[in-house]
Amino acid sequence: MKAAVLKSFGSPLVIEDVPEPTIGTGEVIVDVVATRVLSYMNEVFSGERNYALDLPIIPGPGGIGRVRALGPDATRLAIGDWVFCDPTVRSRDDAAAPDIALQGLTAAGPGGMRLQQHFRHGSFAQQMRVPTENVKRLGAITSEEATRWCALGTLLVPYGGFLAANLRPGEIVLVSGATGNFGSAAVSVALAMGAACVVAPGRNETILADLVRRFGDRVKPVKLTGKEDDDRESMKRAAPGPIDCVFDIMPPSVSTTVVRAAIMTVRPYGRVVLMGGVGMAGGAGLELPYPWIMRNCISIHGVWMYPPDAAARLIALVRSGLLRLEEYEATEFDLDHTNDAVAHAAANGGPFKLTVIRP
């Protein structure tokens, strides 16, 4: 089969023929129809992000495809089913604290690297091998619709954060990083889950206005100035009531003062979700006042990805009509032009934009 292979950091992906994956117990082979390209994949492939990858590897986190072959433990899936391949692979021998690898992207710790050695190759290929529990049925879709369903991979990240925070219908949410790719997804997910409104701070007034255009007056935009205390008060004033939950998805390049300003808008007994990149590129860490956390009974949730059942629940949210994939505009590339797709994703990583490879 044909695949795009990363052989060394800092070099272009090589498009070549590789052996087809072989199936084992607890595994499914999927024909990849469409797979998204993350906006920062170029930084992963250059080595700038220092992701844990044992090269050579076929990259690509997750994708949309059709079941080609099944192991003996699959009782509901059928050959030809349209599925989402969840890239969050978990070890099976410790349900309480599993090791995790993101198939085709990175791994966490020595255990995650051991997982990566087996569930190594990702979706930038015509076929991929996936753990049975990571294959989620989509129901009937067309081949053309597979491109837009790639947005699940983006939407799942904030969905996992809001599940961890136990977001309830009618609550007020603040999304720190609302003008980015994952942040704008967080706005749409929070509203789909029933948030009364979402406070959306950011510097880009054009994107803030677009969020209001898409979702109406349940979005409360706030133009940030960079002055921590002033911005905190502006965010509080924009909310129609106390802010129940703050979700942070800021990238590594953002100052910790911007993140702290947003976090400390949350009400007493409120919840904070940290899913961003502060500190990942070095520099100062996030400092929060111990007395403020303790006396206000603030719950802080660090969340990486999402629970195993999140993908199926999110698919149901889309099927219900509460979460609209139609918000996303996609640009497609074939597998032979994977390097062009990576460059395009880096230059076009804004809200509700998808770069998709169709192998």
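Some values worked out for this structure:
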quantity	calculated
The range 127-223 - Debye-derived log10 I(q)/I(0), Cα point model, q = 0.10, 0.24, 0.25 Å⁻¹	-0.33, -1.21, -1.27
Hits among lysines - C-alpha to C-alpha of residue 223 under 25 Å, sequence gap 8 or more where chains match	236, 353
Per-selection Rg to Rh, the chain - Cα, Kirkwood hydrodynamic radius	0.97
Value of [θ]222 nm, deg cm²/dmol, for the chain, DSSP H segments ≥ 4, -39500 (n - 2.57) each, nearest 500	-8000 deg cm²/dmol
Ranked packing of 173-181, 140-148, 127-135, most packed first, by mean Cβ within 10 Å	173-181, 127-135, 140-148
Local electrostatic count at residue 66 - Lys and Arg +1, Asp and Glu -1, tallied over other residues with Cβ under 12 Å	0
Radius ratio Rg over Rh of the range 230-299, counting only Cα atoms, Kirkwood formula for Rh	0.96
0 to 90° range, to nearest 10: angle between helix 205-215 axis and the chain longest Cα axis	80 degrees
Around residue 222: net Lys/Arg minus Asp/Glu count, Cβ-Cβ under 13 Å	+3
log10 of Debye I(q)/I(0), alpha-carbon scatterers only, for the range 156-302 at 0.20 Å⁻¹	-1.26
Relative exposure of 150, 297, 197, judged by other C-beta atoms within 10 Å (fewest first)	297, 197, 150
Relative packing of 285-293, 2-10, which averages over residues the other C-beta atoms within 10 Å, highest first	2-10, 285-293
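Every read-out reported here was derived from the displayed coordinates using simple, explicitly stated rules and does not represent laboratory data. What you are looking at is a predicted structure, and each value in this text was computed from that prediction instead of being measured. Here the Cβ is made from the backbone with ideal geometry for all residues, glycine too, and neighbour counts use every protein chain on show.
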